[in-house]
1. Go through region 101-115 residue by residue and tally those that are open to solvent by less than 80 Å² (accessible area, probe 1.4 Å) and either closer than 23 Å to Lys44 by Cα or touching a Leu at 6+ places or on another chain (Cβ under 9 Å) (or both).
2. Are there helices (runs of 4 or more DSSP H) fully within region 168-223 with at least 3 residues that are open to solvent by 50 Å² or more (accessible area, probe 1.4 Å) and at pLDDT below 60? List them.
3. Identify, from the list Val105, Val128, the residue that is touching a Phe, Trp or Tyr at 6+ places or on another chain (Cβ under 8 Å), among the β-branched types (Val, Ile, Thr), outside any loop (DSSP other than H, G, I, E, B) and under 18 Å from Gln49 (Cβ atoms).
4. Six or more apart or on different chains, Cβ under 7 Å: which pairs go from a residue in region 116-132 that's over 12 Å from Ile170 (Cα atoms) and modelled with pLDDT of 90 or more to one that's among the charged types (D, E, K, R) and open to solvent by less than 70 Å² (accessible area, probe 1.4 Å)? Could you list them?
5. So which of Leu75, Leu91 ends up being under 16 Å from the mean Cα position of the chain (by Cα) and more than 30 Å from Thr154 (Cα to Cα)?
6. Quick check: anything in region 151-170 over 22 Å from Asp67 (Cα atoms), within 23 Å of the chain's Cα centre (by Cα) and free of Cβ contacts under 8 Å to residues at least 24 places away in the same chain?
7. For region 110-125, enumerate the residues that are touching a Phe, Trp or Tyr at 6+ places or on another chain (Cβ under 7 Å) and under 23 Å from Asp48 (Cβ atoms).
8. Filter region 67-112 for residues that are within 19 Å of Lys160 (Cα to Cα) and of a type in the set (D, E, K, R) and give the result.
Amino acid sequence: MGAAFRKFCLRFCCCCCCEDDEEEEEKTPLLSHDTLEYFDREAKKRRDQETNLWNEPGDPSHSERDDDRTLYNLLQTRAQTRRGSQGYRRLSIDIEAMRDMRREVRDKWKMILENLGFMAEAESLLTVSATASYDRMRNAAVARSLLQTLHTETSIFNRKEAPPERYLFILDRLIYLDAAEDFVAKARRFYPPKDDDDEEEENTIQINLPLLLSRMNQNISGGEDEDDEGETTGPEE
């Protein structure tokens, strides 16, 4: 319908003759397909970070740290294993064991933040996206020094491994809020260093990364021979 005819209808006739055009305009999507796909990818990235709590969040390949690489390989192997098979279940147990260890560390941080008064802000402060960049940090050197202090003078982290880099970004936020020193003081109080006997006992239940890699290889070769019903799936969270 031409623009001139629409104007004529609007001026001299009832508006019903223009209803079809109005309905067509209303049905036009507000967001393009590419925009929707972008939002979907970003949502998947956020879920991936929240679920796996990558220790090196800015590494999209998840290969820079041994523990991240092991978890990523477990996820990729499970994605190629038939759902419901014994190999699939074993991989799921190993994946959840690694995730539980990371959630335990995060829960310690959340408890301290809430004790400092960040009841409503704790979740936001602990959220680190895949786009985290060292270049955007305001106090990188101070944050790294405090992270090392937490690693050596508290039991928040496993002292046998390097501290997760994701908490470097969180400390940078706390420095900006003038709460980093208070956080470290609370951490020393709530999670003092463990005795050698306690650490030895804890290390006996830590995940053995070489053992996991060996089991992954066994699952890859043995999963094809499983008789359990299931189907091959894509990467899962």
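1. 7
2. Counting at least 3 such residues, we get 196-203, 209-223.
3. From the options Val105, Val128, the qualifying one is Val105.
4. Cβ pairs passing all conditions: Leu116/Lys186.
5. From the options Leu75, Leu91, the qualifying one is Leu75.
6. No, region 151-170 contains no residue that is over 22 Å from Asp67 (Cα atoms), within 23 Å of the chain's Cα centre (by Cα) and free of Cβ contacts under 8 Å to residues at least 24 places away in the same chain.
7. Leu125
8. Asp67, Asp68, Arg69, Arg99, Asp100, Arg102, Arg103, Glu104, Arg106, Lys108
The values are calculated or read from the model by the stated rules, or taken from the named source; none is laboratory data. Because the structure is a prediction, the values reported are computed rather than measured. Please note: Cβ atoms are built from the backbone with ideal geometry, for glycine as well, and neighbour counts cover all protein chains shown. Just the protein is used for accessible areas: all its heavy atoms, side chains included, with ligands, DNA and RNA removed. Shrake-Rupley method; radii C 1.70, N 1.55, O 1.52, S 1.80 Å.
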